[in-house]
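Everything on this sheet refers to the single structure shown next.
The values are calculated or read from the model by the stated rules, or taken from the named source; none is laboratory data. As the structure is a computational prediction, the values presented were derived from the model and not from experiment. When we count neighbours, we look across all protein chains shown, and the Cβ atoms used for this are built from the backbone with ideal geometry, even at glycine. When the accessible area is computed, the model is the full protein with side chains, heavy atoms only, and any ligands, DNA or RNA have been set aside. Shrake-Rupley method; radii C 1.70, N 1.55, O 1.52, S 1.80 Å.
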Amino acid sequence: MSQHNIISMQDEQRLFTPSPSGVTGTHIQSLKEYETQYKRSMEDNEGFWAERTNELLDWFSPFTSVLDADMDTPDIRWFSGGTLNVAHNCLDRHLELGRKDKTALIWQGEPEEDVVTYTYEELYEEVCRFANVLKKYGINKGDRVALYMPMIPELTIAMLACVRIGAVHSIVFAGFSALSLQSRVMDCEAKVLVTADAVLRSGRVIPLKANADEALKSCPSVEHVVVVDRAGLAEQDKLEWHNERDLWWHQEMRQNDIAPYCECVPMESEDPLFILYTSGSTGKPKGVVHTTGGYLTYAAHSAQWVFDIQESDVYWCTADIGWITGHSYIVYGPMALGATTVMFEGVPSYPSPDRFWNIVEKFGVTIFYTAPTVIRALMREGLEWTQRHDLSSLRVLGTVGEPINPEAWMWYHENIGKGERPIVDTWWQTETGGIMIAALPFATPLKPGSATLPLPGIDARIVRADGTDAEPNEGGHLIIRKPWPGMLRGVFNDPERYKSTYFERFPKMYESGDGARVDDDGYFWIMGRLDDVINVSGHRMGTAEIESALVAHPTVAEAAVVGMPHPIKGESIYAYVTLKAEEEETEELRGQLRTWVRKEIGPIATPEILQFAEELPKTRSGKIMRRILRKIASGSTGDFGDTSTLADPSVISELVEGRTELTGS
Ligand code: PRX
């Protein structure tokens, strides 16, 4: 990596004009075409969306109204009166459309030789079987099913089985702890939990069902647990089993009464489709609710235009299905389009740092969607790993989760994209359901580090704190003015929080919580979260959640958590901890506290640095000044701005000294 590439995002001037797609039927072929679509979508918003959904989806009965929206309450309804089923759209109709024998899913397990492919017909049959298993155990329309699973095909099958019968899935990332699983299962009152004996990760076998057993000690709603045998723990006598509750996936799927067909339940457009918990700036994670017609329309719309998915593509999104990216862009978006989608169980670095490139070459991947943190990590490993593989099949590259720094963008562009392939940097959120701001790969000129322009249909703006429009280049709050089909429809069981988090501060607008600016060309530059949420390797963590985990430890009096810049992860977690008076600040306790957080929330929440602090910088009214803590965490030793409201300004120098002692820098 040469020094000249390291240019900050503030003065990034480079522009990469799109080259031809090399395929016929590119969806949006020029900037002009994008502009025409965008203009149309703003002038005749409802007409635009009615047309898109009818082009993309199969409705059992047509909708009678495109949009009924009240952004104040808020009460948003798309495609009222229409009925459809997501599994029908992702599977059944493809059998009629000549895709019966087309590969729907290519699964690459962590061991190189573990590869399973499913045609659309095979996937359809497995999904029907599991839908019948769920029905057998009493799951009906509207019931919640929790999925706590590794990246194995059974996860995709379980999702589609739920939506086939109208059950609402709630996927909990397998890296979350027993306690995190417990709070999510309790909140949504799931009746069934699907899990696996273990997760395979970097050559290790990590028990998973054991966490589920622990979690379910206080989840009375769960009647059955379906367990996939991934690692053979039962054969080794390493699995606890509850006869009255636990069921083996493989046994249930092959029972005589389980048929390979199952009627789809027609769903109202606004029937809930799934719940996905995400961290917020306060309290426990929120159960973001997405509904049927609007979500699928939006997932398919954005997948088609942003990735330019064609019939012949082999599409791979490297996210975990436990996050929204996997929901929308491994399963629902690509499958609604009848694409071939790749699912990978492992990690980029195991057994060697060319694992991703090996997979690209092995399956001839044409569209590749990953996270900046992965690119930065692989960049470090050197070019020998990319040069070993033929990456010529790739035609579109994407990123998601955090701003991509221009040097990582250039590396991706030059070494993976051979200086030619477009990179779509996609800005969106769990709540938005799908990609909101991104380049269309063969239409939009690219600027490294910018998510570029809003998708047609998306009225994204930057506003000041008082809600007025910001000027070009003036940083402000990123908001969305018009409703769009993929937007969240609620926070499960908490209408108050739904309104106050997203629709209160700026009346009649959706507040994203991100800061951004728009340049003179209308390009969006995302600046990061404006609230107390940090972004670790593209994963959202609420600082309040980590703080409450820390103060739950018997030795801790007070804790404050902030983000600090990290060269690979983007941000990492920095925790300041004040112990109770009688406790001693030891290395052992520091280690215990980090392990504690890991156990309470999951490995992704482990503080990178945990500093003991006699006192935290507080105002006279007792409010912690996080601004100062962020500065100290990032290594600042001076220039703390206005500190006149601090009750005791000497706290700062003590904290700076403490940090220096701890980190040696
Ligand atoms: O801060 C933004 C950041 O990730 C947040 C959303 O996180 P989550 O709901 O977990 O969804 C992640 C995947 C969609 C946003 O509020 N973010 C996401 N994508 C980008 C981004 N920041 C900058 N550029 C992006 N492309």
(message) Quick one: the Cα spread of the chain along its three principal axes, in angstroms, biggest first?
(response) 72, 63, 56
(request) About the Cα centre of the chain, how large is the charge dipole given +1 on each Lys and Arg Cβ and -1 on each Asp and Glu Cβ? Please answer in debye to the nearest 20. (result) 300 debye
(message) Using a 7 Å offset from the Cα along the Cα-to-Cβ direction at both S500 and D44, what is the distance between the two label points in nm, to one decimal?
(response) 4.3 nm
(message) If I stretch the segment between T643 and R204 completely, what's the gain in nm (0.36 nm per residue apart, minus their alpha carbon distance), one decimal?
(response) 153.1 nm
(request) Could you order peptides 163-170, 289-296 by the average number of other Cβ atoms within 10 Å of their residues, highest first? (result) 289-296, 163-170
(message) Give me the three principal axis extents of region 459-611 from the C-alpha atoms, as integers in angstrom, largest value leading.
(response) 55, 38, 26
(message) Suppose the Debye formula is applied to equal point scatterers at every Cα of region 554-616; what is log10 I(q)/I(0) at q = 0.15, 0.20, 0.22, 0.30 Å⁻¹?
(response) -0.45, -0.77, -0.91, -1.37
(message) Could you tell me how far the Cα centroid of region 328-350 sits from the Cα centroid of region 75-129, in Å?
(response) 11 Å
(request) Report the extension gain between Q13 and E587 in nm, rounded to one decimal, defined as 0.36 nm multiplied by the number of residues separating them, less their alpha carbon distance. (result) 201.9 nm
(request) Order these peptides, 345-356, 149-160, by their mean beta-carbon neighbour count within 10 angstrom, highest first. (result) 149-160, 345-356
(message) With only alpha-carbon pairs counted, each pair once and no self-pairs, how large is the Kirkwood hydrodynamic radius of region 198-258 in angstroms?
(response) 12.8 Å
(message) Please compute the length gained on full extension between R380 and E615, using 0.36 nm multiplied by the number of residues separating them and subtracting their Cα-Cα distance.
(response) 80.8 nm
(request) Over 19 Å, how big is the tail of the calculated P(r) for region 350-494, in percent of all Cα pairs? (result) 58 percent
(request) Quickly rank 330-338, 502-510, 444-452, 647-655 as a protection proxy: mean count of other C-beta atoms within 10 Å, highest first. (result) 330-338, 444-452, 502-510, 647-655
(request) Determine the shape class of region 447-526: with a ≥ b ≥ c the square roots of the Cα gyration tensor eigenvalues, call it rounded for a/c under 1.5, and otherwise prolate if a/b is greater than b/c, oblate otherwise. (result) prolate
(request) Give the carbon-plus-sulfur fraction of the accessible surface of the chain in %, rounded to a whole number; probe 1.4 Å, heavy atoms of protein chains only. (result) 49 percent
(request) Please label the shape of region 151-255 as rounded, prolate or oblate, based on the square roots a ≥ b ≥ c of the eigenvalues of the alpha-carbon gyration tensor (a/c under 1.5 means rounded; beyond that, a/b larger than b/c means prolate, else oblate). (result) rounded
(request) Would you mind classifying region 537-663 by shape? Square roots of the alpha carbon gyration tensor eigenvalues, ordered a ≥ b ≥ c; an a/c under 1.5 is rounded, otherwise it is prolate if a/b is larger than b/c and oblate if not. (result) oblate
(request) Name the lysines eligible as straight-distance cross-link partners of K508: C-alpha to C-alpha under 25 Å, and not fewer than 8 places from it in the same chain. (result) K39, K286, K482, K499
(request) Any chance you could check the Cα centroid distance between region 577-652 and region 23-42 for me, in angstrom? (result) 50 Å
(request) Divide by every residue of the chain the summed helix terms, -39500 (n - 2.57) for each DSSP H run of at least 4, and state the resulting mean residue ellipticity at 222 nm, rounded to the nearest 500 deg cm²/dmol. (result) -8000 deg cm²/dmol
